[in-house]
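Participant: What follows is a structure written as structure tokens; I'll ask about it next.
Every read-out reported here was derived from the displayed coordinates using simple, explicitly stated rules and does not represent laboratory data. Keep in mind it's a predicted model, so treat the numbers as computed, not measured. Glycine also receives a Cβ, built like all others from the backbone with ideal geometry; neighbour counts cover every protein chain displayed.
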Amino acid sequence: MTRPEVAAPNGQVASSPDPISVVHEMNSALSVRARGVELFRYSYRDDIATSECPAPYFHPLRTFADEVVTGNRPHDHRWHK
């Protein structure tokens, strides 16, 4: 994978210091990393208990500041036991 070009502070074009990486855990999940942060994880396993609402989902979803912006089993999702 080639490094994307980004605008440097001086207005010139520079290469991004960290490329984007994708890790695929077969039959389980896909995660994407950039700038040293796992930006998201997409889980699609089908062996999740039915009480946990076995549908594909994104968690965690993070900002580049490494702040998680999603909840795992959020309190307002009563179907997640």
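Participant: What fraction of the Cα pairs in segment 20-81, stated in percent, has a spacing above 14 angstrom? All intermediate terms of the calculation are to be shown ahead of the outcome.
Facilitator: Numbers: 1141 of 1891 pairs.
Tail of P(r) above 14 Å: 60 percent of Cα pairs.
Participant: Something else: So, in nm, how far is label VAL22 from label TYR57 when the simple model puts each one 7 Å beyond its Cα toward the Cβ?
Facilitator: Each label point lies 7 Å from its Cα, and together they span 2.4 nm.
Participant: Ok, one more. If Lys and Arg each add +1 and Asp and Glu each add -1, what is the summed charge of the other residues whose beta carbon sits under 15 Å from the beta carbon of VAL69?
Facilitator: -1
Participant: Measure off 7 Å from each Cα along the Cα-to-Cβ vector at SER43 and THR70, then give the distance between these two points in nanometres to one decimal.
Facilitator: For the pair SER43/THR70, the computed spacing is 1.0 nm.
Participant: Exactly which GluC sites (Glu not before Pro) in segment 15-72 are in a DSSP loop and have at most 13 other Cβ atoms within 10 Å? Let's see the in-between values first.
Facilitator: Numbers: sites: GLU25, GLU38, GLU52, GLU67; in loops: GLU67.
Taking segment 15-72 and a limit of 13 other Cβ atoms within 10 Å, the loop GluC sites (Glu not before Pro) found are GLU67.
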